[in-house]
Structures are given as C-alpha cells and as structure tokens.
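Q: Below is one structure. I have some questions about it.
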Amino acid sequence: MTTMTLGKALNSGLRRALAADDRVVLMGEDIGDLGGVFRITDGLKAEFGANRVVDTPLSEAGIIGTAVGLAYRGFRPVVEIQFDGFIYPGFDQIVAQVAKLHFRTRGTVKMPITIRVPFGGGIGAAEHHSESPEAYFAHTAGLRVVVCSNPQDAFVMIQQAIASDDPVLFFEPKRRYHMKGEVDEQASLADQKPMGLATVAMPGDDVTLVTYGALVQTARDAATAAAEEGVSIEVIDLRSLAPMDVRTIEQSVRRTGRLVVTHEAGEQGGVGAELVARVAESCFEYLEAAPVRVTGHDIPYPPAKLEQHHVPDLDRILDGVDRALGRPNSLSGVEA
C-alpha cells in the first residue's frame, strides 16, 4: 500500500491504463507539457509521447468530436474537461453522438470514451469553475456516470472506466485532489468492486446518509459528530449515478427506516430527487419519516466569498439528520 493524494492516484491510474493498452489516448487543454491545470496528467506526455497525450485547442466540442472519430477507429480516448462549467460547449457531442452511436448502429459501433470532469465547489473559484452538472448526464440514456471520492477508488475506477466499452462521464471532486489515502497500486482490476456499485463508507443503524464525491468525507465527519450524541449514521458512497445502485440503499433504508441524501448540485431535478423517488417506491412501508434532501441552493453558483453558504457542510447535513429523526431543528429552532 502506498499513501498518495487523490490527484496522484488518478495520475497513477492513467499511467497504468496507458501502459496496458496502446489504444488509450489522452486529450485535453494543457494536459501535455503543463500536466493539466490540476497536474493530474503530470509527466505522462514525457513518458508516453505527444501522440498519446495530446494538447488540444480550446474547443470542447472539437475535443469530444475528435474522440468520437478516434473511438470509431478502435481507440479508447480519455478526454479531460478542464473545469466542470466548460463542458457545456461539448454537450451536444456528448448527448447526441457519444451517448447514442452504439444504439444508433445497433451495436456495430462502440464508444469507449472516458470524459474526465473536475467538478464541484470549495476551491474559492467562481461560476463555470465550481459547478455540479452531473444530473444532466445521468438523465441521458447511453452514458455511464461515476464519481470517485477517495484515492483508492480514483486509482481503480479511472482504469475501469477506460476499460469499459461504454462511454463514461468520470466526475472528480476537485477540492479533494489533495486528500491522502492508502492505494494498492498492485491491485488487479478483476478483484475490485465494479464501478457501478455503491459502497458503505461507514456502517450505522439509525439513519441512512447517501452522497457522492467531495461530500463523502463531510458525511463521514457528520456521522462521527452524530455518534457523540448517540445517533448512528450509515454513510453510503453512491459512486455510480447512472446506473444507480439502488439495491444497496434499499438494504440500508430497510434497516434504518430513514433516508438523507446530500449533494452540492441544486435540489430541483438533482440526483437526490431520483434517489428519494426510487426509495419511496420500493421502501415506503419501511420508512419511519419522509426522506430529506440537503443540497446546494437552486441558484447559479455564487461568488467565492459566499460559497460556504451554498455548499452543504457538516451543520446542514446534521440538521437534515435531525429532521429525519423528528428532532428539534437546530437551524430553525422548530420541530421538524
């Protein structure tokens, strides 16, 4: 086991994928000589050459369109979108071409494209640099949408995404790039949990708390704080937003009887809305209280000085837990 940051784990996973398969090609703005804005591809151009780690023009539609052509020719392109909010110029290529070509050609053409997206806030940036656009793509049939939250998952899941014959939107919580953890670089992909499955990050009995990405660590902190008051929270890292591993959440809710979902994206039409609906359909008779969502506000991403009021934090998550438990609401001072 090696201790490394989440960003370094992604770098190591990309290196391993490049070494394992000559068809893997990395593409993106400033990913070569600079190593990317967040240095995730640092050193890879020097090791594998400019034909496999390609600095592209500033054109997301052009980058993804080129990846479509490469996939047609048997390559496995890995595209970096420099910041989450920059993905929108490439939206048409993703939802109209990447997501549909396999179905459109009746399975003749595969689209093994991985689109890496640093996402979320918490880094003191502004709109277009701190957004959470994952629900747009989770709604699009034909795409896999996954999110890593820790170094080990980052190392394994990026390789699984590249090896998949399906197109994968790979969301990376940018404010956790420097978070350290143990990584088994010798791990065989065949022995790892499939990227489509959720995982129980912390076991508990009283409330099921589901999240993904950067908020997994915040949820763990909330569970630790709640334990001091005698509340046992089960934290589930969703990991895959499409397809969604509802079974793992159902099994937990049937034990706890309560569900809280948290994510940085806005509430309306978010991943949490889908998850709550699915649980309500399948676990209604097990629920002791209405499910609770703790999300970003339904506004454009605020200026950096205000983002602490927008991104769910430990206090807001614990308040959601209190509401699910029917305890006095610590933020409003009223009964939930």
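The values are calculated or read from the model by the stated rules, or taken from the named source; none is laboratory data. Quick caveat: nothing in here was measured; it's all calculated off a predicted structure. Every residue, glycine as well, gets a Cβ built from its backbone with ideal geometry; the counts of neighbours run over all protein chains shown. Quick note on the areas: whole protein, heavy atoms, side chains included, nothing else; ligands and nucleic acids left out. Shrake-Rupley method; radii C 1.70, N 1.55, O 1.52, S 1.80 Å.
Q: How long are the three semi-axes of the equivalent ellipsoid of the chain, in whole Å, if each is the root of 5 times an eigenvalue of the C-alpha gyration tensor, listed from largest down?
A: Semi-axis lengths for the chain are 34, 20, 19 Å.
Q: Something else now. Under a GNM of the chain (C-alpha, springs under 10 Å), which listed residue has the highest mean-square fluctuation: Phe83, Phe155, Phe103?
A: Phe103
Q: Taking +1 at the Cβ of each Lys and Arg and -1 at the Cβ of each Asp and Glu, which of Ala154, Ile113, Val253 sits farthest along the dipole of the chain towards its positive end, judged by Cα position relative to the Cα centre?
A: Result: Ile113.
Q: Quick one: accessible surface of Tyr286, probe radius 1.4 Å, all protein chains present, in square angstrom to the nearest 10.
A: Ignoring ligands and nucleic acids, Tyr286 comes out at about 90 Å².
Q: Could I ask something else about it? Between helix 314-325 and the chain, what is the angle of the helix's C-alpha long axis to the longest principal axis, kept within 0 to 90° and rounded to the nearest 10?
A: On a 0 to 90 degree scale, this one is about 50.
Q: With +1 assigned to the C-beta of every Lys and Arg and -1 to the C-beta of every Asp and Glu, and no other charges, what is the dipole magnitude of the range 2-191 about the Cα centre in debye, to the nearest 20?
A: 420 debye
Q: Indicate the gyration tensor shape class of the range 1-87 (rounded, prolate or oblate), computed on the Cα atoms with a ≥ b ≥ c the square roots of the eigenvalues: a/c under 1.5 is rounded; otherwise a/b larger than b/c is prolate and the rest oblate.
A: Here the range 1-87 falls in the oblate category.
Q: Continuing with the same structure: If you place +1 on the Cβ of every Lys and Arg and -1 on the Cβ of every Asp and Glu, how big does the dipole about the Cα centre of the chain come out, in debye to the nearest 20?
A: 1020 debye
Q: Now, a different point. Below 8 Å, C-alpha to C-alpha, sequence gap of six or more: please give me the relative contact order for the chain in percent.
A: That works out to 15 percent.
Q: Also, I was wondering about something else. With Kirkwood's inverse mean 1/r over C-alpha pairs for Rh, give me the Rg to Rh ratio of the range 257-308, two decimals please.
A: 1.10
Q: Can you give me the three principal axis dimensions of the range 182-336 from its C-alpha atoms, in Å, biggest first?
A: 51, 42, 33
Q: Considering the options Thr211, Ala324, Ser240, tell which one lies farthest towards the positive end of the dipole of the range 199-325, charges being +1 on Lys and Arg and -1 on Asp and Glu at the Cβ, about the Cα centre.
A: Ser240
Q: Under 8 Å for C-alpha pairs, at least 6 residues apart: give me the relative contact order for the range 117-165, rounded to a whole percent.
A: Averaging sequence separation for qualifying contacts and normalising by length gives 19 percent for the range 117-165.
Q: Just going by the charge dipole of the chain, with Lys and Arg at +1 and Asp and Glu at -1 on Cβ, which of Gly270, Ser132, Ala96 is farthest out on the positive end?
A: Ala96
Q: Looking at the square roots a ≥ b ≥ c of the eigenvalues of the Cα gyration tensor of the range 138-206, which shape do they give, rounded for a/c under 1.5, prolate if a/b is larger than b/c, or oblate?
A: Here the range 138-206 falls in the rounded category.
Q: Under 5 Å between amide H atoms, partner at least 5 residues away or on a different chain: which partners does Asp55 have, H built in plane at 1.01 Å?
A: It is Gly32, by chain and number.
Q: Taking amide H atoms as placed 1.01 Å from N in the peptide plane, list the residues 5 or more away in sequence, or in a different chain, whose amide H sits under 5 Å from that of Met202.
A: Close amide H contacts, sequence-distant or interchain: Val235.
Q: Please give the charge dipole size of the range 199-325, origin at the Cα centre, charges +1 on K and R Cβ atoms and -1 on D and E Cβ atoms. Round to the nearest 20 debye.
A: Magnitude of the dipole: close to 260 debye.
Q: What percent do you get for the relative contact order of the range 199-325 when only Cα pairs under 8 Å and 6+ apart count?
A: Computed over the range 199-325, the figure is 28 percent.
Q: Only Cα pairs within less than 10 Å get springs; with that Gaussian network setup on the chain, which residue of Gly266, Gly124, Gly213 has the largest fluctuation?
A: Highest fluctuation of the listed residues: Gly124.
Q: Most mobile of Thr199, Thr224, Thr114 per a Gaussian network model of the chain (Cα springs, under 10 Å)?
A: The residue that fluctuates most here is Thr224.
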